[in-house]
Amino acid sequence: MAAHETHEIRDNILDAAANLFLLQGYKGISMREIAASTGLSKAGLYYHFKDKEDLFLSVLTRNLENHTKIIRRLNESQGNSEQKLTQLILSFLATSSRDRAMGHLAEREIVHVSQEARAHFAKTYHNLFIQPIVEILKQGHSTGELNCPDPVFACRVFLGICWPFLMSNGHEFHAPLTSTTAQELVHVFLHGFAKSHTR
């Protein structure tokens with residue numbers, strides 16, 4: 001089998017598995033059902049993934065890798081920290097509701113995999129998602145735009161503010177999220193809600 005065919009089959013499996021995990025959860029679906037949804041035999045599915053845990057983690061990791069590409073492109077682009085953070089939110093909002101729902105899937109279902117797998121995913125999450133955002137904040141701190149001597153803490157604060165807007169539960173929000181929403185979220189992160197006082 002040619003490499004491009006293997007890659008295409010693997011992507012099809014990941015797409016089908018993502019939908020099934022979102023609908024039925026980790027424990028609610030079997031490898032046999034996933035295989036059937038892709039038109040593969042169970043043996044064919046195990047050729048690409050050693051078990052359901054491996055497949056589940058691959059689904060989550062692929063989603064993180066897609067986000068990583070977005071963040072790194074922004075980090076290499078022109079613009080100040082505020083512009084990059086605003087574009088980061090807009091880029092995430094532009095992804096499908098299914099992709100955003102992956103955050104909830106990871107939070108909800110990661111408890112069902114082994115402790116070793118959870119530790120591995122935690123490291124992957126940090127390297128692929130947290131660290132690239134940290135780099136944007138570190139760059140802003142180094143140029144004097146931001147005051148965040150602990151960029152990892154600042155990253156978690158930023159995500160804490162944005163998380164309810166970025167992580168869809170599988171349903172679209174009643175009101176569309178716009179560039180104004182993104183700008184307001186970044187403004188809250190950078191300046192808070194307190195009035196500025198002049199002396």
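For the range 71-127, which fully contained helices (runs of 4 or more DSSP H) count at least 3 residues that are among the charged types (D, E, K, R)?
So the answer is 97-109, 115-125.
Listed residues 53, 76, 82; which is touching a His at 6+ places or on another chain (Cβ under 9 Å), among the charged types (D, E, K, R) and under 23 Å from residue 141 (Cβ atoms)?
None of the others qualify; the one that does is 82.
Need the failing condition index for residue 140 against (1) among the small types (Gly, Ala, Ser); (2) closer than 23 Å to residue 184 by Cβ; (3) not in a helix (DSSP H, G or I), just the number.
Checking residue 140 against (1) among the small types (Gly, Ala, Ser); (2) closer than 23 Å to residue 184 by Cβ; (3) not in a helix (DSSP H, G or I), the one that fails is (3).
Is it the case that residue 81 is buried (at least 17 other Cβ atoms within 10 Å of the Cβ) and touching an Asp or Glu at 6+ places or on another chain (Cβ under 6 Å)?
Answer is yes for this residue.
In this structure, does residue 101 turn out to be more than 13 Å from residue 129 (Cβ to Cβ) and free of Cβ contacts under 8 Å to residues at least 12 places away in the same chain?
Considered against the rule, which asks whether it is more than 13 Å from residue 129 (Cβ to Cβ) and free of Cβ contacts under 8 Å to residues at least 12 places away in the same chain, residue 101 comes out as no.
Quick check: is even one residue across the range 129-137 among the polar types (S, T, N, Q), touching a residue at least 40 places away in the same chain (Cβ under 8 Å), assigned to a helix (DSSP H, G or I) and surrounded by 14 or more Cβ atoms within 10 Å (Cβ to Cβ)?
Looking through the range 129-137, none of the residues is among the polar types (S, T, N, Q), touching a residue at least 40 places away in the same chain (Cβ under 8 Å), assigned to a helix (DSSP H, G or I) and surrounded by 14 or more Cβ atoms within 10 Å (Cβ to Cβ).
Against the definition (in a helix (DSSP H, G or I), surrounded by fewer than 17 Cβ atoms within 10 Å (Cβ to Cβ) and touching an Asp or Glu at 6+ places or on another chain (Cβ under 9 Å)), how does residue 36 come out, yes or no?
No, not satisfied.
Let's see how each residue does on (1) within 28 Å of residue 179 (Cβ to Cβ); (2) modelled with pLDDT of 95 or more; (3) among the β-branched types (Val, Ile, Thr); (4) loosely packed, with under 13 Cβ neighbours inside 10 Å:
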residue	(1), (2), (3), (4)
14	no, yes, no, no
32	no, yes, no, yes
56	no, yes, no, no
72	yes, no, no, no
93	yes, no, no, no
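Across the range 60-98, what is the number of residues that are small (Gly, Ala, Ser), free of Cβ contacts under 8 Å to residues at least 24 places away in the same chain and under 19 Å from residue 11 (Cα atoms)?
Residues meeting the conditions: 1.
Pairs under 8 Å by beta carbon, first residue assigned by TED's automatic domain parsing to the domain that holds residue 11 in the range 34-51, partner assigned to a loop (DSSP other than H, G, I, E, B), six or more apart or different chains?
So the pair list comes out as 35/41.
Go through the range 104-128 and give me each residue that's touching a Phe, Trp or Tyr at 6+ places or on another chain (Cβ under 7 Å) and touching a residue at least 60 places away in the same chain (Cβ under 8 Å).
105, 109, 112, 113
The values are calculated or read from the model by the stated rules, or taken from the named source; none is laboratory data. The structure presented is a predicted model; accordingly, all values stated were derived computationally and were not measured. Ideal geometry is used to build each Cβ from the backbone, glycine not excepted, and the neighbour counts take in all protein chains shown.
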